[in-house]
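These notes concern the structure reproduced below.
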Amino acid sequence: MSYSDYLRKLIFLAELLEKENTGTAGNLAKKLDVSRRTVFRQLEELRDNGADICYCKIRKSYFLKNNFDFRDFFSKSAMKWHSD
């Protein structure tokens, strides 16, 4: 996956998390056009960087429990990709 695809999908994931409109991991994989495993890796990457992401079984959606700064994360991510 190219960096631009990676970033575009992470931005879309961030928007869905903020709206609490991700759906299940399977639904989210379809929305992002990635595998379920990639969804779990992306969620874990966000968690590793400070996002408090939970899943609501009733709403069947992932959501943020904190005010995670996606802009800061994307800046760090961009620097990481350019240094690799």
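With +1 assigned to the C-beta of every Lys and Arg and -1 to the C-beta of every Asp and Glu, and no other charges, what is the dipole magnitude of the chain about the Cα centre in debye, to the nearest 20?
Dipole magnitude for the chain comes out near 400 debye.
For the chain, what does the accessible surface come to per residue with a 1.4 Å probe? Please give it in Å².
Value returned for the chain: 64 Å² of accessible area per residue.
Near Gly26, within a Cβ-to-Cβ distance under 11 Å, what is the net charge of the other residues, with Lys and Arg +1 and Asp and Glu -1?
Result for the neighbourhood of Gly26: +4.
Show the residues, 5+ positions off or on another chain, whose built amide H is closer than 5 Å to the amide H of Gly23.
Residues meeting the amide H criterion: Tyr62.
Tally Lys/Arg at +1 and Asp/Glu at -1 over every other residue whose Cβ is under 13 Å from the Cβ of Phe12; what's the total?
Local charge sum for Phe12: +1.
Work out from phi, with θ = phi - 60° and the Karplus expression 6.51 cos²θ - 1.76 cosθ + 1.60, the ³J(HN,Hα) of each residue of the range 54-67, listed in order in whole Hz, and give x for Gly and Pro.
Once rounded to whole Hz, the list reads 10, 10, 9, 5, 6, 7, 6, 8, 7, 8, 8, 9, 10, 8.
Filter Lys30/Lys65; Lys9/Lys65; Lys19/Lys65; Lys31/Lys65 down to the pairs with a C-alpha to C-alpha distance above 18 Å, please.
Lys30/Lys65; Lys9/Lys65; Lys31/Lys65
For every helix of n ≥ 4 consecutive DSSP H residues, a contribution of -39,500 (n - 2.57) applies; sum these over the chain, divide by its total residues, and give [θ] at 222 nm rounded to the nearest 500 deg cm²/dmol.
-19500 deg cm²/dmol
Identify the trypsin sites (Lys or Arg not before Pro) of the range 1-82 meeting these criteria: DSSP loop state and at most 10 other C-beta atoms within 10 Å of the C-beta.
Answer by residue number: Lys57, Lys65.
Report, largest value first, the span of the C-alpha coordinates of the chain along each principal axis, in whole Å.
Between the extreme Cα coordinates on each principal axis of the chain lie 41, 26, 17 Å.
The values are calculated or read from the model by the stated rules, or taken from the named source; none is laboratory data. Because the structure is a prediction, the values reported are computed rather than measured. Reconstructed Cβ throughout: ideal geometry from the backbone, glycine too, with neighbour counts over all protein chains shown. Note: areas computed on protein heavy atoms with side chains; ligands, DNA, RNA excluded. Shrake-Rupley method; radii C 1.70, N 1.55, O 1.52, S 1.80 Å.
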